[in-house]
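Here the structure is laid out as structure tokens; the discussion comes afterwards.
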Amino acid sequence: MTKKPPSRRLSVGALVLYKSGPARVVLISDKIDIQLANGKNRRVRDKDVVHLHDGPIHSLADLDSLRDAPLNGEVEEAWELLGEECIPLEELSELIFGEATPATLWSSWIQVTEDIYFHGTPGQIQGYSADRVARVNAERSAKAVAQQQKEAFLQRLRDKQLEEEDYQQLSDVEMVALGRSEVSRILRDLGRDQRPESGHHLLLETGYWEPLFNPYPIRMGVETTTAEGEIPELADEQRVDLTHLTCWAIDDSGNQDPDDAISLEGEQLWVHVADVAALVQADSALDLAARARGANLYLPEGTLSMLPAAITEQLGLGLQQRSPALSFRFTLSAEGEVGEIEVMTSWIRVTRTTYDAVEHEIESETFAPLYQKALLFQQKRSRQGAIRLILPEVKIRVKPDPHEISITPLPRLRSRDLVTEFMLMAGEAAARFAQQHEIPFPYSTQPPPEGDENGNPYPQPETPAEMYRFRRRFRRSQLKSQPEPHSGLGMALYSQVTSPLRRYLDLVAHQQLRRWIEQQPLLDGEILTERVGAAEAVIGSVRRAERFSNQHWTLLWLQRNPGWSGEAILVDRMKQRGTFLIPTLGMECKARLKQPAELNQSLTLKLSEVDLPELTGYFQVESRSLG
């Protein structure tokens with residue numbers, strides 16, 4: 001049987017329920033003025049409140065007197081006595097406490113709102129079934145235990161005193177630190193930002209990650225394994241025999257993937273490139289694997305190749321007695337114009353050497369003619385607006401055990417310019433050949449940099465500060481399926497074709513040229529556009545992974561050398577903050593200027609601190625370099 005309480009008129013001092021919370025009636029007029037638990041008053045309508053007790057009560061604080069009392073026995077007893085009957089709140093209070101005072105009524109209502117034993121409204125309250133009560137109690141008990149365990153775990157995190165079983169819980173932090181998730185409940189509960197860098201900090205603090213761990217390839221979403229696959233046999237096909245030529249493959253010492261070589265035969269210039277397309281056909285399993293990677297990933301700790309190592313062993317120029325190549329033959333006019341272009345598959349014999357070795361012989365009978373051709377082409381590019389930025393470069397290497405880090409500045413060598421110019425000549429020759437024969441082709445382009453406030457182009461940068469500012473005005477180079485100028489190189493037409501072992505779109509260019517040579521159907525423009533777009537997205541991630549990885553190992557080297565100080569060149573300033581280039585480390589940093597300094601001035605910086613997850617080094621200007 002359901003009982004309903006009789007209708008009552010409210011009086012001053014009465015206890016009422018307002019939006020599930022207690023309130024005290026302080027004034028009755030056309031409306032009712034009530035006082036809330038927070039001490040604020042509010043004017044409401046009669047129907048907005050539910051009468052609980054006439055009172056009078058003088059303070060809502062009195063209601064808390066029984067809030068924390070041990071009521072479980074009485075509550076359970078009242079629930080058992082109630083059974084399936086419906087009663088008003090006043091009767092429930094009498095069952096639990098033996099009386100109905102403002103405090104016991106409010107405590108009884110709290111039992112209803114906790115939704116364990118009872119449910120309903122102040123006028124009609126009913127007990128839950130025994131099965132439901134047992135289930136809810138078990139769930140809430142388990143939840144309370146879990147909350148206690150969670151708080152204990154978080155406290156151990158704050159104290160940096162983790163137990164062995166705690167480490168597995170850090171997986172959600174690791175997912176954020178690796179860029180695979182945007183939310184970590186642990187970072188949230190600790191009040192830390194939901195950023196990869198925040199996760200990185202915590203994982204280092206707890207020892208979950210070692211400082212040696214480089215997260216950037218995974219964070220950038222690039223492939224982190226070297227490609228594998230079955231390698232087909234090299235076909236027995238007709239090739240032009242060029243083994244009579246002297247072919248030089250000039251690379252850094254220790255290079256493992258030589259894929260280009262140069263020759264000079266009278267007035268004819270040759271650039272020979274590893275004939276990768278002879279083994280890697282378009283849309284084959286090897287091609288798809290290379291497409292997914294976009295390019296080799298060059299990290300200080302090692303190289304992850306886009307093609308299986310066995311292909312390099314078979315096709316790398318100079319790694320076998322004779323090498324299959326795709327050879328570009330062309331001439332260079334007195335004005336540096338590329339002409340009389342031919343492309344052919346060939347056999348060549350290659351002599352491998354290094355930049356350092358060629359630098360010592362750059363004026364010899366062997367290399368001087370090659371270097372003169374390179375200078376001729378370089379001068380033409382300069383006349384066409386090529387930008388030459390000479391900024392610090394270094395080579396960073398990490399030995400696997402004991403993870404020794406070496407940072408070696410790369411000197412400006414004429415031998416590097418020699419090879420660079422020949423590769424650019426081959427890129428122009430290939431692009432012009434494709435255009436002449438209407439071959440859909442991947443072109444490398446770059447819009448001109450933004451001009452000054454009046455739209456006028458900036459002059460050629462000469463000082464480090466000018467080069468630094470000019471680099472920031474560069475627009476990103478783009479890969480396109482239609483030819484456009486490359487302003488940074490000063491070339492009206494250009495395609496990258498000299499590194500098919502290392503760059504996927506170079507391989508695509510070779511596949512197209514080979515199809516044309518063999519008179520096979522070409523990839524059409526639409527398919528080529530799709531491949532260019534897909535490859536460009538992947539290559540961008542690869543380059544970011546390389547750049548961030550280099551910064552990571554450089555900062556780790558600094559962290560291991562906390563007393564480091566060295567020369568830095570001021571290339572920009574804003575008020576009391578200066579931007580510096582550190583030639584020996586190949587890095588950019590900022591530091592506060594203690595006194596006025598001129599751009600391009602050399603100052604001595606001293607390391608203050610390294611924040612590895614934020615890829616930031618903090619430096620102080622120590623003194624002004626003499627001279």
(message) For region 180-191, give me each residue that is under 16 Å from Asp166 (Cα atoms), in a loop (DSSP other than H, G, I, E, B) and not small (Gly, Ala, Ser).
(response) Leu190
(message) Checking Ala325 against (1) surrounded by fewer than 22 Cβ atoms within 10 Å (Cβ to Cβ); (2) within 38 Å of the chain's Cα centre (by Cα), only one condition comes out false. Which one?
(response) (1)
(message) Can you say whether Gln512 is over 19 Å from Gly385 (Cβ atoms), in a loop (DSSP other than H, G, I, E, B) and of a type in the set (S, T, N, Q), as far as the supplied structure shows?
(response) no
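Looking only at region 458-493, count every residue that is touching a residue at least 12 places away in the same chain (Cβ under 8 Å) and part of a loop (DSSP other than H, G, I, E, B) and tell me the total.
Narrowing region 458-493 to residues touching a residue at least 12 places away in the same chain (Cβ under 8 Å): 458, 460-461, 463-465, 467-471, 473-493.
Applying the additional criterion that residues be part of a loop (DSSP other than H, G, I, E, B) yields 458, 460-461, 463, 474-477, 481-485, 487-490, 492-493.
Of the residues in region 458-493, 19 are touching a residue at least 12 places away in the same chain (Cβ under 8 Å) and part of a loop (DSSP other than H, G, I, E, B).
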(request) Search region 86-131 for residues being of a type in the set (S, T, N, Q), assigned to a strand (DSSP E or B) and out of contact with any Ser or Thr (no Cβ under 7 Å at 6 or more places or on another chain), and hand back the single one that is farthest from Ala23 (Cα to Cα). (result) Gln126
(message) I'm trying to understand the selection: among the residues of region 19-62, which are within 20 Å of Glu114 (Cβ to Cβ), free of Cβ contacts under 8 Å to residues at least 40 places away in the same chain and either surrounded by fewer than 16 Cβ atoms within 10 Å (Cβ to Cβ) or not assigned by TED's automatic domain parsing to the domain that holds Ile110 (or both)?
(response) Lys19, Gly21, Ala37
(request) Report whether or not Leu157 is modelled with pLDDT under 90 and either in contact with an Asp or Glu (Cβ under 9 Å, 6 or more places away or on another chain) or part of a loop (DSSP other than H, G, I, E, B) (or both). (result) no
(request) Search region 167-186 for residues that are touching a residue at least 24 places away in the same chain (Cβ under 8 Å) and pair each with any residue that is surrounded by 16 or more Cβ atoms within 10 Å (Cβ to Cβ) and of a type in the set (Lys, Arg) when their beta-carbon atoms are under 8 Å apart and the residues are at least 6 apart or on different chains. (result) Ala177/Arg219; Leu178/Arg219; Gly179/Arg219
(request) Can you work out which of the residues in region 192-228 that are among the charged types (D, E, K, R), within 18 Å of the chain's Cα centre (by Cα) and not in a loop (DSSP other than H, G, I, E, B) is farthest from Val538 (Cα to Cα)? (result) Glu197
(request) Only one of these is of a type outside the set (Gly, Ala, Ser), in contact with a Lys or Arg (Cβ under 9 Å, 6 or more places away or on another chain) and surrounded by fewer than 15 Cβ atoms within 10 Å (Cβ to Cβ): Gln519, Gln595, Gln496. Name it. (result) Gln595
(message) Just to check your reading of the model, which residue among Tyr494, Tyr468 is touching a Leu at 6+ places or on another chain (Cβ under 9 Å), farther than 29 Å from Glu335 by Cβ and among the hydroxyl-bearing types (Ser, Thr, Tyr)?
(response) Tyr468
(message) Please pick out the residue among Glu438, Glu421 that is on the phi > 0 side of the Ramachandran plot and either of a type in the set (D, E, K, R) or part of a loop (DSSP other than H, G, I, E, B) (or both).
(response) Glu438
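Give the residues of region 229-270 that are assigned to a loop (DSSP other than H, G, I, E, B), under 30 Å from Ser541 (Cα atoms) and in the same structural domain as Arg329 (by TED's automatic domain parsing), sorted by residue number. Full working, then the answer.
The initial filter retains those residues of region 229-270 that are assigned to a loop (DSSP other than H, G, I, E, B), namely 229-239, 242-246, 252-259, 266-267.
Within this subset, residues satisfying the condition of being under 30 Å from Ser541 (Cα atoms) are 229-232, 252-259.
Correct list: Asp252, Ser253, Gly254, Asn255, Gln256, Asp257, Pro258, Asp259.
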(request) Would you tally the residues in region 370-415 being closer than 23 Å to Arg473 by Cα and out of contact with any Gly (no Cβ under 7 Å at 6 or more places or on another chain)? (result) 6
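Filter the strands (runs of 3 or more DSSP E) completely within region 307-417 down to those with at least 1 residues that are touching a helix residue (DSSP H, G or I) at 6+ places or on another chain (Cβ under 8 Å) and among the aromatic types (Phe, Trp, Tyr). Full working, then the answer.
Working: elements: 323-332, 338-348, 350-354, 394-398, 405-409.
Passing ranges, in order: 323-332.
I want to confirm something. Restricting to region 28-50 and keeping residues that are part of a loop (DSSP other than H, G, I, E, B) and more than 14 Å from Leu10 (Cα to Cα), which single residue is nearest to the chain's Cα centre (by Cα)?
Asn38
The values are calculated or read from the model by the stated rules, or taken from the named source; none is laboratory data. Quantities reported herein were computed from a predicted structural model and do not represent experimental measurements. Every residue, glycine as well, gets a Cβ built from its backbone with ideal geometry; the counts of neighbours run over all protein chains shown.
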